[in-house]
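S.K.: I have a structure here, written as C-alpha coordinates, and I will follow up with some questions on it.
The values are calculated or read from the model by the stated rules, or taken from the named source; none is laboratory data. From a predicted model like this one, the values you see are computed outputs, not experimental measurements. So basically every Cβ, Gly included, is an ideal-geometry build from the backbone, and we count neighbours across all protein chains shown. Ligands, DNA and RNA are stripped out before the accessible areas are found, and what is left, the full protein with its side chains, is counted by its heavy atoms. Shrake-Rupley method; radii C 1.70, N 1.55, O 1.52, S 1.80 Å.
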Amino acid sequence: MRLIQQAWTVAAKDLRSELRTKESLNAAGGFALVILVLFSFVTDPGETETLYALSGGLLWLVFAFAGVLILNRSFAREQANDCLDALIASPLSPAALILGKSAASFVLLLIVELPCLPIFGGLYGLSQWSSHWLGLVGVVLLGTWGMTVIGAVFSALTVNLRLRELMLPMLVYPLLIPVLMSAMRLSTVFISGKDLEADDAIWLRLMIAFDIIFTALALALAEDVLVS
Amino acid sequence: MRDKLLYAAGAAATVILIANLHKILLGIPDEMDQGAIYRILYFHVPSWFTCFAAFFVAGLASVMYSVKRDLRYDVLAVSAVEVGVAFTLVGLATGSIWARIIWGIWWTWDPRLTWALITCVLYAGYLMMRQMIDDASARARFAAVLGTFSFASVAITYKAIDWWRTQHPGPVLPIRAGGGKMDPEMWHAILWNWTAFMLLASVMVAVRISQETRLREVEALRRRAHAI
(Lines give C-alpha, C1' and ligand atoms only; values in the text may rest on other atoms or scores of the structure.)
Protein backbone atom coordinates (compact mmCIF):
# COMPACT_ATOMS: atom_id res chain seq x y z
CA MET A 1 0.00 0.00 0.00
CA ARG A 2 2.86 2.29 0.95
CA LEU A 3 4.41 1.56 -2.45
CA ILE A 4 1.29 2.76 -4.28
CA GLN A 5 1.11 5.85 -2.11
CA GLN A 6 4.75 6.76 -2.72
CA ALA A 7 4.43 6.02 -6.42
CA TRP A 8 1.40 8.26 -6.58
CA THR A 9 3.38 11.11 -4.95
CA VAL A 10 6.11 10.79 -7.57
CA ALA A 11 3.62 10.53 -10.43
CA ALA A 12 1.65 13.54 -9.19
CA LYS A 13 4.84 15.59 -8.92
CA ASP A 14 5.90 14.63 -12.45
CA LEU A 15 2.48 15.30 -13.94
CA ARG A 16 2.20 18.66 -12.17
CA SER A 17 5.57 19.87 -13.42
CA GLU A 18 4.89 18.57 -16.92
CA LEU A 19 1.39 20.03 -17.17
CA ARG A 20 2.75 23.42 -16.09
CA THR A 21 5.57 23.55 -18.62
CA LYS A 22 4.09 21.20 -21.26
CA GLU A 23 7.64 20.66 -22.48
CA SER A 24 7.54 17.07 -23.64
CA LEU A 25 3.77 17.06 -24.24
CA ASN A 26 4.05 19.75 -26.89
CA ALA A 27 7.08 18.11 -28.45
CA ALA A 28 5.55 14.62 -28.52
CA GLY A 29 2.09 15.82 -29.61
CA GLY A 30 3.47 17.96 -32.41
CA PHE A 31 5.79 15.19 -33.51
CA ALA A 32 2.93 12.67 -33.58
CA LEU A 33 0.84 15.01 -35.73
CA VAL A 34 3.66 15.55 -38.22
CA ILE A 35 4.22 11.81 -38.58
CA LEU A 36 0.48 11.19 -38.97
CA VAL A 37 0.43 13.68 -41.85
CA LEU A 38 3.56 12.15 -43.37
CA PHE A 39 1.79 8.80 -43.55
CA SER A 40 -0.41 10.17 -46.33
CA PHE A 41 2.56 9.52 -48.61
CA VAL A 42 2.74 5.84 -47.66
CA THR A 43 -0.20 5.00 -49.86
CA ASP A 44 -2.81 6.86 -51.81
CA PRO A 45 -5.23 8.17 -49.14
CA GLY A 46 -8.12 6.86 -51.26
CA GLU A 47 -7.02 3.24 -50.92
CA THR A 48 -8.91 2.40 -47.76
CA GLU A 49 -8.26 -1.34 -48.06
CA THR A 50 -4.49 -0.87 -47.83
CA LEU A 51 -4.88 1.72 -45.11
CA TYR A 52 -6.96 -0.60 -42.97
CA ALA A 53 -4.32 -3.30 -43.35
CA LEU A 54 -1.52 -0.90 -42.39
CA SER A 55 -3.42 1.10 -39.75
CA GLY A 56 -2.21 -0.69 -36.60
CA GLY A 57 1.41 -0.60 -37.65
CA LEU A 58 1.31 3.07 -38.59
CA LEU A 59 -0.40 4.10 -35.37
CA TRP A 60 2.00 2.22 -33.12
CA LEU A 61 5.01 3.61 -34.95
CA VAL A 62 3.72 7.08 -34.08
CA PHE A 63 3.15 6.00 -30.47
CA ALA A 64 6.60 4.42 -30.20
CA PHE A 65 8.34 7.53 -31.54
CA ALA A 66 6.31 9.90 -29.37
CA GLY A 67 6.80 7.58 -26.41
CA VAL A 68 10.58 7.76 -26.57
CA LEU A 69 10.41 11.56 -26.57
CA ILE A 70 8.38 11.51 -23.37
CA LEU A 71 10.44 8.75 -21.74
CA ASN A 72 13.69 10.52 -22.50
CA ARG A 73 12.51 13.51 -20.51
CA SER A 74 11.20 11.35 -17.66
CA PHE A 75 14.54 11.08 -15.84
CA ALA A 76 16.40 13.79 -17.72
CA ARG A 77 14.03 16.24 -16.01
CA GLU A 78 15.63 15.33 -12.68
CA GLN A 79 19.16 16.10 -13.78
CA ALA A 80 18.99 19.84 -13.15
CA ASN A 81 20.03 20.79 -9.59
CA ASP A 82 20.85 17.11 -8.89
CA CYS A 83 17.20 16.36 -8.24
CA LEU A 84 17.78 12.70 -9.04
CA ASP A 85 20.24 12.35 -6.17
CA ALA A 86 17.74 14.02 -3.88
CA LEU A 87 15.00 11.63 -5.00
CA ILE A 88 17.24 8.62 -4.45
CA ALA A 89 18.29 9.92 -1.02
CA SER A 90 14.67 10.51 0.01
CA PRO A 91 12.78 7.80 1.93
CA LEU A 92 11.05 6.71 -1.30
CA SER A 93 11.67 3.09 -2.24
CA PRO A 94 13.37 2.71 -5.65
CA ALA A 95 10.47 0.56 -6.84
CA ALA A 96 8.04 3.36 -6.00
CA LEU A 97 10.16 5.83 -7.92
CA ILE A 98 10.18 3.64 -11.04
CA LEU A 99 6.48 2.88 -10.68
CA GLY A 100 5.62 6.56 -10.23
CA LYS A 101 7.76 7.60 -13.16
CA SER A 102 6.17 5.01 -15.43
CA ALA A 103 2.68 5.97 -14.27
CA ALA A 104 3.39 9.63 -15.08
CA SER A 105 4.79 8.76 -18.52
CA PHE A 106 1.80 6.46 -19.05
CA VAL A 107 -0.67 9.30 -18.47
CA LEU A 108 1.35 11.75 -20.58
CA LEU A 109 1.67 9.30 -23.44
CA LEU A 110 -2.08 8.60 -23.30
CA ILE A 111 -2.73 12.34 -23.55
CA VAL A 112 -0.81 12.24 -26.81
CA GLU A 113 -2.17 8.91 -28.08
CA LEU A 114 -5.90 9.13 -27.49
CA PRO A 115 -6.45 12.24 -29.67
CA CYS A 116 -4.35 10.56 -32.36
CA LEU A 117 -7.02 7.87 -32.83
CA PRO A 118 -9.83 10.14 -34.08
CA ILE A 119 -7.35 12.34 -35.96
CA PHE A 120 -5.93 9.29 -37.74
CA GLY A 121 -9.45 8.02 -38.47
CA GLY A 122 -10.58 11.42 -39.71
CA LEU A 123 -7.54 12.16 -41.89
CA TYR A 124 -7.66 8.83 -43.69
CA GLY A 125 -11.40 8.18 -43.69
CA LEU A 126 -11.25 5.06 -41.51
CA SER A 127 -14.57 4.86 -39.73
CA GLN A 128 -15.20 1.14 -39.17
CA TRP A 129 -13.52 1.13 -35.78
CA SER A 130 -16.25 3.25 -34.21
CA SER A 131 -18.07 0.04 -33.24
CA HIS A 132 -14.94 -1.40 -31.62
CA TRP A 133 -13.51 1.68 -29.92
CA LEU A 134 -13.60 0.07 -26.50
CA GLY A 135 -11.38 -2.79 -27.59
CA LEU A 136 -9.04 -0.37 -29.32
CA VAL A 137 -8.70 1.76 -26.20
CA GLY A 138 -8.01 -1.42 -24.22
CA VAL A 139 -5.20 -2.32 -26.58
CA VAL A 140 -3.80 1.21 -26.33
CA LEU A 141 -3.85 1.02 -22.52
CA LEU A 142 -2.12 -2.37 -22.36
CA GLY A 143 0.44 -1.52 -25.02
CA THR A 144 1.25 1.86 -23.53
CA TRP A 145 1.78 0.43 -20.06
CA GLY A 146 4.26 -2.09 -21.43
CA MET A 147 6.07 0.70 -23.24
CA THR A 148 6.25 3.06 -20.27
CA VAL A 149 7.26 0.53 -17.63
CA ILE A 150 10.25 -0.67 -19.68
CA GLY A 151 10.88 2.88 -20.82
CA ALA A 152 11.09 4.15 -17.25
CA VAL A 153 13.74 1.57 -16.36
CA PHE A 154 15.81 2.37 -19.40
CA SER A 155 15.30 6.09 -19.04
CA ALA A 156 16.89 5.73 -15.61
CA LEU A 157 19.66 3.52 -16.98
CA THR A 158 20.60 5.82 -19.83
CA VAL A 159 20.15 9.18 -18.13
CA ASN A 160 23.85 9.60 -17.39
CA LEU A 161 25.18 8.10 -20.60
CA ARG A 162 26.90 9.82 -23.43
CA LEU A 163 24.53 9.90 -26.44
CA ARG A 164 21.51 9.43 -24.16
CA GLU A 165 18.99 10.38 -26.85
CA LEU A 166 20.41 7.69 -29.12
CA MET A 167 20.92 4.93 -26.58
CA LEU A 168 17.39 4.93 -25.17
CA PRO A 169 15.66 3.97 -28.45
CA MET A 170 18.56 1.63 -29.32
CA LEU A 171 17.94 -0.37 -26.15
CA VAL A 172 14.21 0.05 -25.72
CA TYR A 173 12.82 -0.67 -29.19
CA PRO A 174 14.19 -4.23 -29.50
CA LEU A 175 12.85 -5.06 -26.04
CA LEU A 176 9.49 -3.54 -26.91
CA ILE A 177 9.01 -5.58 -30.07
CA PRO A 178 6.79 -8.25 -28.45
CA VAL A 179 4.39 -5.69 -27.06
CA LEU A 180 4.49 -3.46 -30.15
CA MET A 181 3.91 -6.43 -32.43
CA SER A 182 0.87 -7.62 -30.49
CA ALA A 183 -0.49 -4.09 -30.21
CA MET A 184 -0.12 -3.59 -33.96
CA ARG A 185 -1.91 -6.85 -34.78
CA LEU A 186 -4.76 -6.25 -32.36
CA SER A 187 -5.19 -2.59 -33.33
CA THR A 188 -5.43 -3.55 -37.00
CA VAL A 189 -8.19 -6.03 -36.14
CA PHE A 190 -10.18 -3.47 -34.15
CA ILE A 191 -9.64 -0.57 -36.56
CA SER A 192 -10.92 -2.75 -39.40
CA GLY A 193 -14.08 -3.25 -37.33
CA LYS A 194 -13.60 -6.99 -36.84
CA ASP A 195 -14.01 -9.12 -33.76
CA LEU A 196 -11.09 -10.95 -32.19
CA GLU A 197 -10.64 -14.44 -33.61
CA ALA A 198 -9.06 -17.45 -31.97
CA ASP A 199 -5.80 -16.71 -33.76
CA ASP A 200 -5.56 -13.25 -32.19
CA ALA A 201 -5.89 -14.57 -28.66
CA ILE A 202 -2.18 -15.43 -28.60
CA TRP A 203 -1.34 -11.77 -29.21
CA LEU A 204 -3.60 -10.64 -26.41
CA ARG A 205 -2.11 -13.21 -24.08
CA LEU A 206 1.41 -12.22 -25.11
CA MET A 207 0.72 -8.55 -24.40
CA ILE A 208 -0.78 -9.20 -20.97
CA ALA A 209 2.03 -11.61 -20.06
CA PHE A 210 4.58 -9.07 -21.27
CA ASP A 211 3.06 -6.33 -19.11
CA ILE A 212 3.02 -8.51 -16.00
CA ILE A 213 6.51 -9.97 -16.46
CA PHE A 214 8.21 -6.69 -17.20
CA THR A 215 6.40 -4.76 -14.48
CA ALA A 216 7.61 -7.38 -12.01
CA LEU A 217 11.16 -7.29 -13.43
CA ALA A 218 11.22 -3.49 -13.38
CA LEU A 219 10.15 -3.35 -9.74
CA ALA A 220 12.56 -6.11 -8.74
CA LEU A 221 15.53 -4.48 -10.48
CA ALA A 222 14.65 -0.89 -9.55
CA GLU A 223 17.25 -0.76 -6.82
CA ASP A 224 20.07 -1.86 -9.17
CA VAL A 225 19.02 0.71 -11.71
CA LEU A 226 18.89 3.65 -9.36
CA VAL A 227 21.21 3.13 -6.41
CA SER A 228 24.90 2.96 -7.16
CA MET B 1 47.40 -26.04 -16.07
CA ARG B 2 44.45 -23.87 -17.09
CA ASP B 3 46.02 -23.13 -20.46
CA LYS B 4 46.69 -26.80 -21.06
CA LEU B 5 43.07 -27.63 -20.29
CA LEU B 6 41.92 -24.99 -22.77
CA TYR B 7 44.23 -26.30 -25.47
CA ALA B 8 42.98 -29.82 -24.82
CA ALA B 9 39.35 -28.74 -25.07
CA GLY B 10 40.04 -26.84 -28.27
CA ALA B 11 41.85 -29.81 -29.77
CA ALA B 12 39.01 -32.15 -28.76
CA ALA B 13 36.52 -29.81 -30.46
CA THR B 14 38.59 -29.84 -33.65
CA VAL B 15 38.89 -33.63 -33.69
CA ILE B 16 35.16 -34.11 -33.10
CA LEU B 17 34.27 -31.57 -35.79
CA ILE B 18 36.54 -33.19 -38.40
CA ALA B 19 35.35 -36.71 -37.61
CA ASN B 20 31.76 -35.49 -37.69
CA LEU B 21 32.25 -33.66 -40.96
CA HIS B 22 33.47 -36.89 -42.54
CA LYS B 23 30.43 -38.72 -41.23
CA ILE B 24 27.94 -36.00 -42.25
CA LEU B 25 29.26 -35.56 -45.76
CA LEU B 26 30.07 -39.17 -46.62
CA GLY B 27 28.35 -41.42 -44.09
CA ILE B 28 24.78 -40.14 -43.73
CA PRO B 29 22.50 -40.21 -46.83
CA ASP B 30 20.58 -37.19 -48.20
CA GLU B 31 17.30 -36.29 -46.59
CA MET B 32 14.16 -37.62 -48.31
CA ASP B 33 12.61 -34.30 -49.40
CA GLN B 34 15.35 -31.71 -49.15
CA GLY B 35 18.37 -33.36 -50.75
CA ALA B 36 21.88 -32.35 -49.85
CA ILE B 37 21.19 -28.91 -48.40
CA TYR B 38 19.60 -30.34 -45.24
CA ARG B 39 23.14 -31.03 -44.01
CA ILE B 40 23.42 -27.41 -42.94
CA LEU B 41 21.07 -28.45 -40.14
CA TYR B 42 24.03 -30.12 -38.43
CA PHE B 43 25.55 -26.68 -37.97
CA HIS B 44 22.42 -24.57 -37.74
CA VAL B 45 20.79 -26.36 -34.81
CA PRO B 46 23.95 -26.81 -32.69
CA SER B 47 24.95 -23.17 -33.16
CA TRP B 48 21.54 -22.01 -31.93
CA PHE B 49 21.70 -24.40 -28.98
CA THR B 50 25.14 -23.08 -28.17
CA CYS B 51 24.03 -19.47 -28.34
CA PHE B 52 21.01 -20.25 -26.13
CA ALA B 53 23.35 -21.87 -23.64
CA ALA B 54 25.70 -18.87 -23.75
CA PHE B 55 22.83 -16.42 -23.24
CA PHE B 56 21.48 -18.60 -20.45
CA VAL B 57 24.83 -18.41 -18.69
CA ALA B 58 24.91 -14.66 -19.30
CA GLY B 59 21.39 -14.25 -17.91
CA LEU B 60 22.26 -16.28 -14.85
CA ALA B 61 25.49 -14.33 -14.34
CA SER B 62 23.56 -11.06 -14.64
CA VAL B 63 21.11 -12.12 -11.95
CA MET B 64 24.00 -13.32 -9.78
CA TYR B 65 25.76 -9.98 -10.19
CA SER B 66 22.61 -8.16 -9.08
CA VAL B 67 22.47 -10.33 -5.98
CA LYS B 68 26.15 -10.67 -5.04
CA ARG B 69 27.75 -7.56 -6.54
CA ASP B 70 30.84 -9.53 -7.48
CA LEU B 71 32.56 -8.23 -10.61
CA ARG B 72 33.55 -11.77 -11.60
CA TYR B 73 29.91 -12.44 -12.54
CA ASP B 74 29.96 -9.35 -14.77
CA VAL B 75 33.07 -10.64 -16.51
CA LEU B 76 31.37 -14.00 -17.08
CA ALA B 77 28.24 -12.29 -18.42
CA VAL B 78 30.02 -10.12 -20.97
CA SER B 79 32.22 -12.99 -22.16
CA ALA B 80 29.23 -15.28 -22.60
CA VAL B 81 27.26 -12.60 -24.45
CA GLU B 82 30.09 -11.95 -26.89
CA VAL B 83 30.47 -15.63 -27.70
CA GLY B 84 26.68 -16.01 -27.84
CA VAL B 85 26.37 -13.20 -30.39
CA ALA B 86 29.01 -14.87 -32.56
CA PHE B 87 27.03 -18.13 -32.56
CA THR B 88 23.79 -16.22 -33.20
CA LEU B 89 25.37 -14.81 -36.35
CA VAL B 90 26.39 -18.32 -37.43
CA GLY B 91 22.82 -19.49 -36.81
CA LEU B 92 21.31 -16.62 -38.78
CA ALA B 93 23.74 -17.11 -41.68
CA THR B 94 23.26 -20.88 -41.95
CA GLY B 95 19.49 -20.45 -41.66
CA SER B 96 19.52 -17.87 -44.46
CA ILE B 97 21.50 -20.16 -46.78
CA TRP B 98 19.08 -23.00 -46.12
CA ALA B 99 16.09 -20.70 -46.71
CA ARG B 100 17.55 -19.50 -50.03
CA ILE B 101 17.60 -23.09 -51.33
CA ILE B 102 14.38 -24.43 -49.81
CA TRP B 103 12.13 -21.34 -49.69
CA GLY B 104 13.82 -19.43 -52.51
CA ILE B 105 14.37 -16.35 -50.31
CA TRP B 106 17.10 -15.30 -47.91
CA TRP B 107 14.82 -13.99 -45.22
CA THR B 108 11.18 -13.96 -44.24
CA TRP B 109 9.45 -12.15 -41.39
CA ASP B 110 8.10 -15.14 -39.60
CA PRO B 111 7.89 -15.13 -35.78
CA ARG B 112 10.81 -17.50 -35.19
CA LEU B 113 13.13 -15.63 -37.51
CA THR B 114 11.99 -12.25 -36.29
CA TRP B 115 12.57 -13.20 -32.69
CA ALA B 116 15.97 -14.62 -33.45
CA LEU B 117 16.91 -11.30 -35.04
CA ILE B 118 15.52 -9.37 -32.08
CA THR B 119 17.66 -11.44 -29.74
CA CYS B 120 20.71 -10.66 -31.85
CA VAL B 121 19.92 -6.91 -31.87
CA LEU B 122 19.25 -6.91 -28.12
CA TYR B 123 22.59 -8.41 -27.25
CA ALA B 124 24.36 -6.18 -29.76
CA GLY B 125 22.74 -3.28 -27.87
CA TYR B 126 24.01 -4.81 -24.62
CA LEU B 127 27.59 -4.81 -25.92
CA MET B 128 27.13 -1.29 -27.27
CA MET B 129 25.87 0.06 -23.98
CA ARG B 130 28.90 -1.32 -22.19
CA GLN B 131 31.10 0.80 -24.42
CA MET B 132 29.26 3.94 -23.34
CA ILE B 133 29.92 3.64 -19.60
CA ASP B 134 33.41 4.24 -18.26
CA ASP B 135 32.92 3.46 -14.60
CA ALA B 136 33.36 -0.30 -14.11
CA SER B 137 30.83 -0.82 -11.32
CA ALA B 138 28.15 1.34 -12.96
CA ARG B 139 28.74 -0.56 -16.19
CA ALA B 140 28.37 -3.90 -14.43
CA ARG B 141 25.19 -2.79 -12.67
CA PHE B 142 23.48 -1.54 -15.84
CA ALA B 143 24.66 -4.50 -17.88
CA ALA B 144 23.20 -6.85 -15.28
CA VAL B 145 19.79 -5.21 -15.63
CA LEU B 146 19.91 -5.32 -19.42
CA GLY B 147 21.15 -8.91 -19.39
CA THR B 148 18.24 -9.99 -17.22
CA PHE B 149 15.71 -8.22 -19.47
CA SER B 150 17.24 -9.60 -22.66
CA PHE B 151 17.07 -13.18 -21.53
CA ALA B 152 13.26 -13.05 -21.62
CA SER B 153 13.53 -12.58 -25.38
CA VAL B 154 15.72 -15.67 -25.78
CA ALA B 155 13.05 -17.76 -24.08
CA ILE B 156 10.45 -16.43 -26.53
CA THR B 157 12.65 -17.33 -29.54
CA TYR B 158 12.96 -20.90 -28.33
CA LYS B 159 9.21 -21.31 -27.85
CA ALA B 160 8.16 -19.38 -30.98
CA ILE B 161 7.70 -22.50 -33.13
CA ASP B 162 5.22 -23.86 -30.59
CA TRP B 163 3.25 -20.66 -30.07
CA TRP B 164 2.77 -19.48 -33.65
CA ARG B 165 2.16 -21.25 -36.90
CA THR B 166 5.49 -20.37 -38.39
CA GLN B 167 7.18 -21.04 -41.67
CA HIS B 168 10.23 -22.21 -39.77
CA PRO B 169 10.22 -26.03 -39.56
CA GLY B 170 8.40 -27.27 -36.46
CA PRO B 171 9.95 -29.38 -33.75
CA VAL B 172 11.51 -32.58 -35.12
CA LEU B 173 14.23 -33.22 -32.58
CA PRO B 174 13.58 -36.13 -30.19
CA ILE B 175 13.83 -33.85 -27.14
CA ARG B 176 11.00 -31.65 -28.45
CA ALA B 177 8.81 -33.93 -30.58
CA GLY B 178 9.16 -37.12 -28.55
CA GLY B 179 11.14 -39.18 -31.06
CA GLY B 180 10.20 -41.01 -34.24
CA LYS B 181 10.56 -38.01 -36.55
CA MET B 182 14.28 -38.21 -36.98
CA ASP B 183 16.72 -41.02 -37.61
CA PRO B 184 18.83 -41.65 -34.48
CA GLU B 185 21.97 -41.43 -36.61
CA MET B 186 21.12 -37.87 -37.66
CA TRP B 187 20.23 -36.96 -34.10
CA HIS B 188 23.57 -38.30 -32.85
CA ALA B 189 25.43 -36.28 -35.48
CA ILE B 190 23.66 -33.15 -34.24
CA LEU B 191 24.51 -33.99 -30.64
CA TRP B 192 28.18 -34.58 -31.45
CA ASN B 193 28.38 -31.30 -33.33
CA TRP B 194 26.75 -29.57 -30.44
CA THR B 195 29.29 -31.09 -28.07
CA ALA B 196 32.08 -29.73 -30.28
CA PHE B 197 30.45 -26.28 -30.47
CA MET B 198 29.98 -26.18 -26.72
CA LEU B 199 33.63 -27.07 -26.17
CA LEU B 200 34.63 -24.37 -28.61
CA ALA B 201 32.34 -21.83 -26.95
CA SER B 202 33.69 -22.71 -23.49
CA VAL B 203 37.24 -22.19 -24.70
CA MET B 204 36.33 -18.82 -26.20
CA VAL B 205 34.49 -17.74 -23.05
CA ALA B 206 37.46 -18.80 -20.92
CA VAL B 207 39.86 -16.81 -23.10
CA ARG B 208 37.59 -13.75 -22.97
CA ILE B 209 37.33 -14.06 -19.19
CA SER B 210 41.08 -13.99 -18.77
CA GLN B 211 41.30 -11.01 -21.15
CA GLU B 212 38.65 -9.09 -19.20
CA THR B 213 40.35 -9.91 -15.91
CA ARG B 214 43.70 -8.62 -17.25
CA LEU B 215 41.95 -5.48 -18.51
CA ARG B 216 40.58 -4.88 -15.05
CA GLU B 217 44.01 -5.36 -13.51
CA VAL B 218 45.50 -2.87 -15.94
CA GLU B 219 42.78 -0.37 -15.10
CA ALA B 220 43.42 -0.82 -11.39
CA LEU B 221 47.16 -0.31 -11.89
CA ARG B 222 46.52 2.82 -13.92
CA ARG B 223 44.31 4.20 -11.17
CA ARG B 224 46.99 3.48 -8.60
CA ALA B 225 49.61 5.19 -10.76
CA HIS B 226 47.36 8.21 -11.00
CA ALA B 227 46.91 8.27 -7.26
CA ILE B 228 50.68 8.31 -6.72
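S.K.: If I filter the range A:185-196 for residues that are touching a Leu at 6+ places or on another chain (Cβ under 6 Å) and aromatic (Phe, Trp, Tyr), do I get at least one hit?
M.R.: yes
S.K.: Where in the range A:61-163 are there helices (runs of 4 or more DSSP H), lying fully within it, with 2 or more residues that are crowded, with 19+ Cβ neighbours inside 10 Å and either over 10 Å from the mean Cα position of the chain (by Cα) or basic (Lys, Arg) (or both)?
M.R.: A:94-124, A:133-158
S.K.: What are the residue pairs meeting all of these: first residue in the range B:21-38, first residue under 17 Å from B:Ile97 (Cβ atoms), second residue in a helix (DSSP H, G or I) and open to solvent by 50 Å² or more (accessible area, probe 1.4 Å), Cβ atoms under 6 Å, and 6 or more apart or on different chains?
M.R.: Cβ pairs passing all conditions: B:Asp30/B:Ala36; B:Ile37/B:Ile101.
S.K.: Would a scan of the range A:21-42 turn up a residue that is assigned to a helix (DSSP H, G or I) and farther than 30 Å from A:Thr188 by Cα?
M.R.: Yes, the conditions are met somewhere in the range A:21-42.
S.K.: Has the range B:47-63 got any residue that is touching a Cys at 6+ places or on another chain (Cβ under 8 Å), of a type outside the set (Phe, Trp, Tyr) and either open to solvent by less than 20 Å² (accessible area, probe 1.4 Å) or within 14 Å of another protein chain (Cβ to nearest Cβ) (or both)?
M.R.: Within the range B:47-63 (the criterion being touching a Cys at 6+ places or on another chain (Cβ under 8 Å), of a type outside the set (Phe, Trp, Tyr) and either open to solvent by less than 20 Å² (accessible area, probe 1.4 Å) or within 14 Å of another protein chain (Cβ to nearest Cβ) (or both)), the answer is no, since none of the residues qualifies.
S.K.: Additional query: Please specify each residue of the range B:96-127 satisfying the condition of being out of contact with any Lys or Arg (no Cβ under 7 Å at 6 or more places or on another chain), open to solvent by 20 Å² or more (accessible area, probe 1.4 Å) and away from chain A (no Cβ under 14 Å).
M.R.: B:Ser96, B:Ile97, B:Trp98, B:Arg100, B:Ile101, B:Ile102, B:Trp103, B:Gly104, B:Ile105, B:Trp107, B:Thr108, listed by residue number.
Here's the yes/no breakdown for (1) in contact with a Gly (Cβ under 7 Å, 6 or more places away or on another chain); (2) at pLDDT 90 or above; (3) assigned to a helix (DSSP H, G or I):
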site	(1), (2), (3)
B:Val145	no, no, yes
B:Tyr158	no, no, yes
B:Thr166	no, no, no
B:Ala189	no, no, yes
B:Met198	no, yes, yes
B:Val205	no, yes, yes
B:Arg216	no, no, yes
B:Ala225	no, yes, yes
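S.K.: I'm checking my understanding of the structure. Among residues of the range B:138-152 that are within 7 Å of chain A (Cβ to nearest Cβ) and open to solvent by 10 Å² or more (accessible area, probe 1.4 Å), which one is farthest from A:Leu161 (Cα to Cα)?
M.R.: In this case the residue turns out to be B:Ala152.
S.K.: Also, quick follow-up: Any chance you could count how many residues in the range A:146-205 are among the charged types (D, E, K, R), touching a residue at least 40 places away in the same chain (Cβ under 8 Å) and within 21 Å of A:Val227 (Cα to Cα)?
M.R.: 1
S.K.: Further question on the same structure: Could you list, in sequence order, all residues of the range B:128-137 that are more than 9 Å from chain A (Cβ to nearest Cβ) and either of a type in the set (Lys, Arg) or touching a Phe, Trp or Tyr at 6+ places or on another chain (Cβ under 9 Å) (or both)?
M.R.: Matches in the range B:128-137: B:Arg130 only.
S.K.: Right, another one. For the range A:193-202, does any single residue satisfy the condition of being open to solvent by 10 Å² or more (accessible area, probe 1.4 Å) and at pLDDT 85 or above?
M.R.: Scanning the range A:193-202, I find no residue that is open to solvent by 10 Å² or more (accessible area, probe 1.4 Å) and at pLDDT 85 or above, so the answer is no.
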